[in-house]
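Just below is one structure, and these are the notes that go with it.
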Amino acid sequence: VQLQASGGGLVQAGGSLRLSCAAAGRIVSISHMGWYRQAPGKQRELVAVISSGGGTNYAGSVKGRFTISRDNAKNTVWLQMNSLKPEDTAVYYCNAYLPTVGVNYWGQGTLVTVSS
């Protein structure tokens, strides 16, 4: 199973970006899918997660600005990021948990840079 993330880039503060991540391979089902980020010198942190039923959870720092969504049929998750701030600068990683194999899979990361 591979996760391919895309959509990162350079944007000015206040701007928007949309990240996408598609899972491919021998997939029976995916429960939770999510986005994490890691800024330079910091630990990886949860940004947002979405269950197969559509339930969501967000980090406090992104609530009201970021929206996570998914298409179960396409095994794809998106992260719409609005009102971006310089502190959102990080490498963003997508994640998917496959309960049939009990494994968390990670994408390769996509860099988001927000300039002030």
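The values are calculated or read from the model by the stated rules, or taken from the named source; none is laboratory data. Note that this is a predicted model, so its numbers are computed, not measured. Glycine gets a Cβ as well: all are built from the backbone with ideal geometry, and neighbour counts include every protein chain shown. Protein only, heavy atoms only, side chains kept; ligands, DNA and RNA dropped before computing areas. Shrake-Rupley method; radii C 1.70, N 1.55, O 1.52, S 1.80 Å.
Before moving on, here are some points about what is shown:
- Considered as a group, the residues in the stretch 49-69 that are more than 21 Å from Gly14 (Cα to Cα) and not polar (S, T, N, Q) include one that is nearest to the chain's Cα centre (by Cα), and that residue is Val49.
- Any hit, the stretch 22-31, residues being surrounded by 19 or more Cβ atoms within 10 Å (Cβ to Cβ), farther than 25 Å from Ser116 by Cα and touching a residue at least 24 places away in the same chain (Cβ under 8 Å): yes
Let's see how each residue does on (1) part of a loop (DSSP other than H, G, I, E, B); (2) at pLDDT 95 or above; (3) within 15 Å of Ser6 (Cα to Cα):
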position: Ala23; (1), (2), (3): no, yes, yes
position: Gly34; (1), (2), (3): no, yes, yes
position: Gln43; (1), (2), (3): yes, yes, no
position: Gly64; (1), (2), (3): yes, yes, no
position: Leu79; (1), (2), (3): no, yes, yes
position: Cys94; (1), (2), (3): no, yes, yes
position: Thr100; (1), (2), (3): yes, no, no
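- The residues listed here are Ser83, Ser29; of these, the one that is over 10 Å from the mean Cα position of the chain (by Cα) and at pLDDT below 95 is Ser29.
- A Cβ distance below 6 Å, combined with a sequence gap of six or more or placement on separate chains, defines the contacts here; from the stretch 46-59, residues that are closer than 18 Å to Trp106 by Cβ and modelled with pLDDT of 95 or more reach residues that are open to solvent by 40 Å² or more (accessible area, probe 1.4 Å) and among the basic types (Lys, Arg) in the pairs Ile50/Arg70.
- A count restricted to the stretch 74-105 and to residues that are surrounded by 15 or more Cβ atoms within 10 Å (Cβ to Cβ) and farther than 18 Å from Leu10 by Cβ stands at 11.
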